[in-house]
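Written below as structure tokens is the structure these notes are about.
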Amino acid sequence: MTTEASYNIAVIPGDGTGPEVTAEGIKVLNTVATACGCRFDFTYFPFGGDHYKATGVVLSEADLAELGTYDAIYLGAIGHPDVQPGILEKGILLNMRFHLDQYVNLRPVKLYEGVDTPLKDKTPEDIDFVVVRENTEGLYAGAGGILKLGTPDEVAVQESINTRKGVERCIRYAFEYCRRRNKGRKLTLCGKTNVLTFAFDLWERTFHEVAREYPDIETDYAHVDAICMWMVKNPEWFDVIVTDNMFGDIITDLAAMIQGGMGIAAGGNLNPEGVSMFEPIGGSAPKYTGKGVINPLAAISSAQLMLETLGESAAAGRVENGIITVLRDDLKGVGAGQMGFSTSEVGDLVADYISKSETTER
Ligand code: IPM
Ligand code: MN
């Protein structure tokens, strides 16, 4: 007899279209739970622009402490037209990353059949890689300051912080992930060793030292500017890419476009020893709020990533098969209003596929 695994999930639907897409992710999670014999308890949190406007609080210490007691966090979108840019992003997203020490930002980049890529002649065979982005250091650490603010002599300094410990744990995660993924068994370090000779000296040395423990993984290096070229010209060269926070931010937006855009792209903010947060990459899309035109597949993909990270790989596989089937057989497009179905109909299609597909024994 096996005991049913049970997970407590904190849900932050957030702003704009966030609630519409998270609802579909939860629909799919509940369906796959029944099919795979696990169970989810969802607790909803109101954080986002409206909560901030009503209370003046973005996310308190107590809120962070409470979020830290869940098995995972599932987020919709953050961003409100009446709130100055930066307040919610820093107060919620970055605050969670730092406070919960979510030191890896994991971004699978996969072109599914039936999805258009702007890259001429590239097919799903060519676009299937994962970016492991360091998520708590670098230029995002907030080190620096402004002197003589608002005067002609003003000086602004923003430093990139790279610690041996922070760099090493991220690189080690990338090697482990690459081995587990078992696809190309190749890890590419993305840096800028020709100019950023301090920060990327540390990255490069650490990369080669850790690599000795993974003789089964091929290693490669590319400068960040070159990686932007290759990602467009030869995306098939990549299996897993590891990089720092700022470069990772930039190359994952490029990567999201070649996999079909924001309707599809999902990511995880991982603390492999703690509480991780999963989110679709797209923003809150205020102008589409309540219209039911946003593609929920990015949110459903982030739920799949959550299942994988929780160790529910059979359930994750079923969700991915649902996504693959719906993209191939049903959807007419992936962009807002181009699907031929509403947001909730797309969620229904995936959920129906999962409940109809044969139950796999765990
Ligand atoms: C991302 C986002 C965030 C980042 C913003 C919203 C703070 O762009 O997750 O990539 O820059 O990391
Ligand atoms: Mn970004």
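The values are calculated or read from the model by the stated rules, or taken from the named source; none is laboratory data. Quick caveat: nothing in here was measured; it's all calculated off a predicted structure. A quick note on method: Cβ atoms are made from the backbone with ideal geometry, for glycine too, and the neighbour counts reach across all protein chains shown. Surface areas here come from the heavy atoms of the whole protein model, side chains and all, with no ligands, DNA or RNA. Shrake-Rupley method; radii C 1.70, N 1.55, O 1.52, S 1.80 Å.
When each of 83, 104 is tested for being within 16 Å of ligand 2 (Cβ to nearest atom), among the β-branched types (Val, Ile, Thr) and open to solvent by less than 80 Å² (accessible area, probe 1.4 Å), the lone residue that passes is 104. Checked against (1) in contact (Cβ under 8 Å) with a residue 24 or more places away in the chain; (2) open to solvent by 20 Å² or more (accessible area, probe 1.4 Å), residue 138 passes all but a single condition, namely (2). Among the residues making up segment 189-222, those that are surrounded by fewer than 19 Cβ atoms within 10 Å (Cβ to Cβ) and assigned to a strand (DSSP E or B) are 218, 219, 220, 221. Apart from one condition, residue 243 fits all of (1) within 15 Å of ligand 2 (Cβ to nearest atom); (2) surrounded by fewer than 24 Cβ atoms within 10 Å (Cβ to Cβ); (3) β-branched (Val, Ile, Thr); the exception is (2). Scan segment 253-263 for residues that are open to solvent by less than 10 Å² (accessible area, probe 1.4 Å) and within 13 Å of the chain's Cα centre (by Cα) and jot them down. 255, 256, listed by residue number.
Look at residue 163 and say whether it is within 21 Å of residue 323 (Cβ to Cβ), more than 16 Å from ligand 2 (Cβ to nearest atom), open to solvent by 50 Å² or more (accessible area, probe 1.4 Å) and touching a Leu at 6+ places or on another chain (Cβ under 9 Å).
Taking the combined requirement at face value, the residue does not satisfy it.
Taking segment 115-135 as the search range and keeping residues that are touching a residue at least 60 places away in the same chain (Cβ under 8 Å) and open to solvent by 60 Å² or more (accessible area, probe 1.4 Å), which one is nearest to residue 237 (Cα to Cα)? Top of the filtered list is 125. Restricted to segment 279-316, and to residues there that are aliphatic (A, V, I, L, M) and surrounded by fewer than 20 Cβ atoms within 10 Å (Cβ to Cβ), the residue that is farthest from residue 72 (Cα to Cα) is 293. So, residue 18, is that one over 18 Å from residue 297 (Cα atoms) and under 20 Å from the mean Cα position of the chain (by Cα) or not? For residue 18, the condition - over 18 Å from residue 297 (Cα atoms) and under 20 Å from the mean Cα position of the chain (by Cα) - is not met. Of the residues making up segment 287-308, one or more are in contact with a Pro (Cβ under 8 Å, 6 or more places away or on another chain), within 22 Å of residue 132 (Cα to Cα), more than 16 Å from ligand 2 (Cβ to nearest atom) and not aliphatic (A, V, I, L, M).
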